[in-house]
Every structure is written in structure tokens, then in C-alpha cells.
Amino acid sequence: MVGRICGTGAYAPPVFASNEDLENVVDTSDTWIRERTGIARRHIAVEDTAVTMAVKAARQALANGKIDPEAVELILVSTISPERVLPCTACEVQKQLGAVQAVCFDLNAACAGFLYAYNTAQAYIRSGMYKTVLVIGTEQLSKLVDWTDRNTCILFGDGAGAVVLTGEENGRYNMTAHSDGRKGEALTCRTDGKIKMDGREVFRFAVKSVPECIRELLEREQLLAEDIDYFVLHQANRRIVEAVAKRLNVPPERFPMNLEEYGNTSSASIPILLHEMKQKGILKPGMKLVFAGFGAGLSWGASLTEW
Ligand code: ACO
């Protein structure tokens, strides 16, 4: 059994902060932010929370996949910015969707979180335990950002993305995942604090680890980078995505990006991007996609999916 993505959804709050808006908050400039990151604006949740954004993305994914909420057997939510510690975000989402049959839990692997949740969903499906799984990445990072720290506040944004997986006999899926707690201090956030980051360290880690784990995945599947139609990477920084493309010797067009609009939405970035790709009609049955995530932990990984 393999989980096939039958529905996608995404939501970003209507309010956004442009780079020019941030020029009034910290000592920065639109030019610096665009050149160093590729980001032009980020959405900010004013009325929304991680729960409300997750529900909106999930409703769209279910409608899009023509799946009744009552058919969902498992809801996995990846978030580092829950509205409350208890109950978990997944249970709140379940309540609002009316997905009464679902087992629900949250998972935290920072910006690699969606990828880890997706892999967890695939493992449950492969085991035969569940057949219909809703996977959501939702983040309200604006509340974890130190708005006086120009090194970090320009990077992050709020939003949610969701996919619905259904188990099918045919299809292709494989994954690699890694963690290295010894390097965890590069990117931290205490429960009562704000995000602190050694940007250069995280940058170096990402441009080295992501191509390595993608190569590992391709070797496992006996595929070449040119066999992959699209690489859907966590959207942290345009320069990271371009460096990964270069190291894999793949044209950058096969690395879609949307961070200009959203900034880094942590575990929401991959499903938001995937949803946009689907809406644009660029995903065709049988296409091979590689998802890759990386972030605090440190945690990183990649997975192969057949559309
Ligand atoms: N505006 C203007 N100048 C700035 C800003 C800003 N917003 N931020 C930093 N600078 C300055 C620095 O102070 C430094 O000045 P100095 O040379 O006088 O000391 C200069 O710009 C260069 O700083 P660097 O840190 O070397 O800039 P760099 O080119 O590395 O870009 C960045 C910084 C964008 C943070 C980059 O390192 C990066 O993207 N790193 C990865 C971050 C990331 O992806 N984090 C998320 C991971 S996922 C997760 O789990 C959350």
C-alpha cells in the first residue's frame, strides 16, 4: 500500500507585511531582504491561529479530494506554533471538521515537520493500519519572532497547507530522514521565548545536507536527478533552493518557489507550494516529485512521491 495525494489545500491570512513595512520596524531594506532571501512579503495572522488556518487548509484539501471528513482515520498536524499546548492542534482540527473517526496527534520537527508527518502518514498506510490520512502543516510564526531582531524577523511568515492521502495498491514512495541533536543550538526557541538563529550555520547545513539526502533517496530508488519532474523544497531562502539545484546539477525551473509571497512558513511551506502547483495545473499523473525539508533539531530529509 502507498499513500496517494488525492487532495491539497492551503491558507494564508489576509494581512501581510511587505519588506517596506519592515523597514519601519528594524534597520533593514527591501533590497537587502530580496537579494539575500528572495522574500518580498509575509502573511501575518491577526485574527487567525494555527488551528483556524489548519482547519481552512484542511477543508479545502478534503473538498478538493472529495473525501468526507468522517472517512478520515488519522489527522497529523505538524506545528511549532500551536495555539495551545493542550489539547493538541490535531484534536482541535478534528472537532471543527467533524472528523469523528480520526485518531489525532501533533508532531514537531520544525521546518522538516511536514516531511516527517508525511512520512509518518505513509508508514501508517503502508502498515495497513489506516487508509485515509489528513496531513497538515500550520504555523503562526509571527508570535515566535523577535520583532527587534533583523536577523530573523524578516524571514518568517504565517500560513497552513494540507494534503489528504488515500491508500492504494500501486504507486511509488520512498524516504530518507536524519536528525542531529548535537547541532541543535544553531536554531532554538524556548517555550517562553523567541526564535534565535545562527543564520550562516543553518545556511551551510542546508546547502550540504539537502543535496546529500536527495542523492541518498535517488540512489535507493535507482533514479537520476533528471528523472524527477519537480523538487518541492522547504521554502527558507531562495539562495538555499538555488544552491541545492546547482549541487544536483538540475535546472532551477524544476525547483518551484513561492517564498517571495510567504517567506519561511516552516512546516506549512511544502504543502502550500504543492497546493499552488496543483492549482496551476502543472502536476500530471505519474510525475515524480521529491519533497525535501530541513530545519531546527537539526532535522532533514527527503521523500519521493508519484503524483
Ligand atoms: N537587513 C540588513 N542587514 C542585515 C539583516 C537585515 N534584515 N540581517 C542581517 N544583516 C546584516 C548582518 O548584521 C551582517 O552585517 P555585518 O556584516 O556588518 O555583520 C550582514 O547583513 C551579513 O549577514 P549574514 O548573516 O552573513 O547574511 P547572510 O547572507 O548569511 O544572510 C540569512 C542571512 C538570510 C539569515 C541567511 O544566512 C539564511 O537564509 N540562513 C538560513 C536561515 C534559515 O533558513 N532558517 C530557517 C531554517 S528552517 C527552521 O527550522 C525554522
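What is the dipole size for segment 173-306, taken about its Cα centre, with +1 at each Lys and Arg Cβ and -1 at each Asp and Glu Cβ, in debye to the nearest 20? Before the final figure, lay out each step's value.
Values: 19 positive and 18 negative charges, 66 e Å.
Dipole magnitude for segment 173-306 comes out near 320 debye.
What list of ³J(HN,Hα) values in whole Hz, one per residue of segment 210-222 in order, does the Karplus curve 6.51 cos²θ - 1.76 cosθ + 1.60 (θ = phi - 60°) give from phi, with Gly and Pro shown as x?
5, x, 4, 6, 5, 4, 4, 5, 5, 4, 4, 9, 6
Segment 43-111: which GluC sites (Glu not before Pro) are DSSP loop and have at most 10 other beta-carbon atoms within 10 angstrom?
Numbers: sites: GLU47, GLU70, GLU73, GLU83, GLU92; in loops: GLU47, GLU73, GLU83.
Loop-located and lightly packed - GLU47.
For segment 195-209, in order, what is each residue's ³J(HN,Hα) by Karplus, 6.51 cos²θ - 1.76 cosθ + 1.60 with θ = phi - 60°, in whole Hz (x at glycine and Pro)?
With coefficients 6.51, -1.76 and 1.60, one gets 5, 10, 8, 8, x, 5, 4, 5, 4, 4, 4, 5, 6, 8, 6 Hz.
Determine ³J(HN,Hα), in whole Hz, for all residues of segment 14-28 in sequence, where each value follows from phi through the Karplus function 6.51 cos²θ - 1.76 cosθ + 1.60 and θ = phi - 60°; x replaces Gly and Pro.
Once θ is set to phi - 60°, the couplings for segment 14-28 become x, 7, 9, 10, 7, 4, 5, 4, 6, 4, 8, 9, 9, 7, 8 Hz.
Based on the mean of other Cβ atoms within 10 Å per residue, sort peptides 53-60, 199-206, 272-279 so the most packed one is first. Present the calculation step by step, with values, prior to reporting the outcome.
Working: 53-60: 26.0, 199-206: 16.9, 272-279: 20.9.
Top to bottom by mean Cβ count within 10 Å: 53-60, 272-279, 199-206.
Would you mind checking which residues have amide H under 5 Å from MET287's amide H? H placed 1.01 Å from N; only 5 or more apart, or other chain.
TRP307
Taking neighbour Cβ counts within 10 Å as the exposure measure, how do MET197, MET129 sort from fewest upward? Display every interim value, and only then the final one.
Values: MET197 18, MET129 14.
The most exposed by this proxy come first: MET129, MET197.
Could you tell me which of ASN108, PRO285, ALA296 has its Cα farthest along the dipole of the chain towards the positive end, charges placed at Cβ (Lys, Arg +1; Asp, Glu -1), taken about the Cα centre?
PRO285
Calculate the tail of P(r) for segment 2-168: the fraction of all Cα-Cα distances greater than 25 Å, expressed in %.
Working: 4746 of 13861 pairs.
Considering segment 2-168, 34 percent of its Cα-Cα pairs are separated by more than 25 Å.
Relative contact order of the chain: what whole-number percent is it, with Cα pairs under 8 angstrom and at least 6 residues apart? Each step should come with its number before you reach the end.
Values: 769 pairs, mean separation 80.1, N = 307.
With pairs under 8 Å counted, the relative contact order is 26 percent.
So what is the 222 nm mean residue ellipticity for the chain from helices alone, if each DSSP H run of at least 4 adds -39500 (n - 2.57) and you divide by all residues, rounding to the nearest 500 deg cm²/dmol?
Numbers: 9 runs with 101 residues, N = 307.
Rounded to the nearest 500, it is -10000 deg cm²/dmol.
Among all lysine pairs in the chain that are eight or more places apart or on different chains, how many have alpha carbons less than 21 angstrom apart?
20
Throughout, read-outs are computed from the coordinates displayed, never taken from laboratory work. Here the structure is a predicted model, which means the values were calculated and not measured. Note that we place each Cβ from the backbone using ideal geometry, even for glycine, and neighbour counts take in every protein chain shown.
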